[in-house]
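Read the structure below first, then the notes.
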Amino acid sequence: MFDRVAGKYDFMNRFLSGRLDLYWRKKAINTLKKFNPLQIIDIATGTGDLAIMTYKLLSPEKITGVDISGEMLKVGQQKINKANLNGKIILQQGDSEALAFANNSFDAATAAFGVRNFEDLEKGLSEIYRVLNNGGQLMVLEFSKPKSSVFSRLYKFYMKIVAPQFAQLFSTDKEAYQYLNKSSIAFPEREEFLHILNKIGFKKTTYQALTLGICCIYRAEKG
């Protein structure tokens, strides 16, 4: 499914969010600034949006982006080439629930709108925990359901009806945006997600809701 939408994935993200996704990413990345991570892994990196922005904001030694979709990575590599970031950002095809890296390999792990796609959420998060250094930082950016009853109804209508119809209008895979809605609904958000992080072993778990609760920044540290 992600292979099919790769070519228009960035455009649809900008269009459907009204470019708010750029603001969300920037705010999420800046929560890592004080930790000055040198080696970063970007989980479910997709077209490399978060990885590229992270490099520009944090200037680490290296970012390794991992994604299961080969077509998404092809688009990401084109963007990295254009930004002259070869060698600074390395993309690797692989399963984020079975990371091909040694224990304690990274100072920070990032994930934007990808953790909800894990087939086994706890397994995927445990793999992230494993490859982080002691004291390593985790930042997850994910959709969430607004708390306001009025805004929540509007949000549900937009995600269930409007987004898939716009996707079809732009000759993009309608199924992918129906899946976006379903996966967002199913994702264990806020305190429930923090509970899972704590169960795995993460410490100092917090979240911050953005834009009336449309999405949340989750932060945690390897204990």
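Every number here is computed from the coordinates shown, using simple stated rules; none is lab data. This is a predicted model, so every value here is computed, not measured. Methodologically, a virtual Cβ is constructed for each residue, glycine included, from the backbone with ideal geometry; neighbour enumeration extends over all protein chains shown.
The distance linking segment 139-162 with segment 73-127 is 26 Å (Cα centroid to Cα centroid, whole angstrom). Shown here for segment 1-64: trypsin sites (Lys or Arg not before Pro) in loop regions (DSSP other than H, G, I, E, B) with at most 16 other Cβ atoms within 10 Å, namely ARG19.
Listed cross-link partners LYS26/LYS56; LYS123/LYS222; LYS34/LYS222; LYS199/LYS222; LYS145/LYS199; LYS62/LYS123 are compared with a 19 Å cut-off, the Cα-Cα value being larger for LYS145/LYS199; LYS62/LYS123. The label-point distance for LEU212 and LYS62, in a model that sets each label 7 Å from Cα toward Cβ, rounds to 4.4 nm. Going 7 Å from the Cα of LEU154 along its beta-carbon direction, which residues of segment 18-46 have the amide nitrogen within less than 18 Å of the resulting point? Output list for this probe position: 18-21. Computed from the C-beta positions of ALA100 and VAL162, the FRET efficiency with R₀ = 30 Å rounds to 0.15. A Förster radius of 25 Å combined with the Cβ-Cβ distance from PHE11 to GLN92 puts the calculated FRET efficiency at roughly 0.50.
For the pair ASN134 and HIS195, a Förster radius of 30 Å applied to the C-beta separation gives a FRET efficiency near 0.85, rounded to the nearest 0.05.
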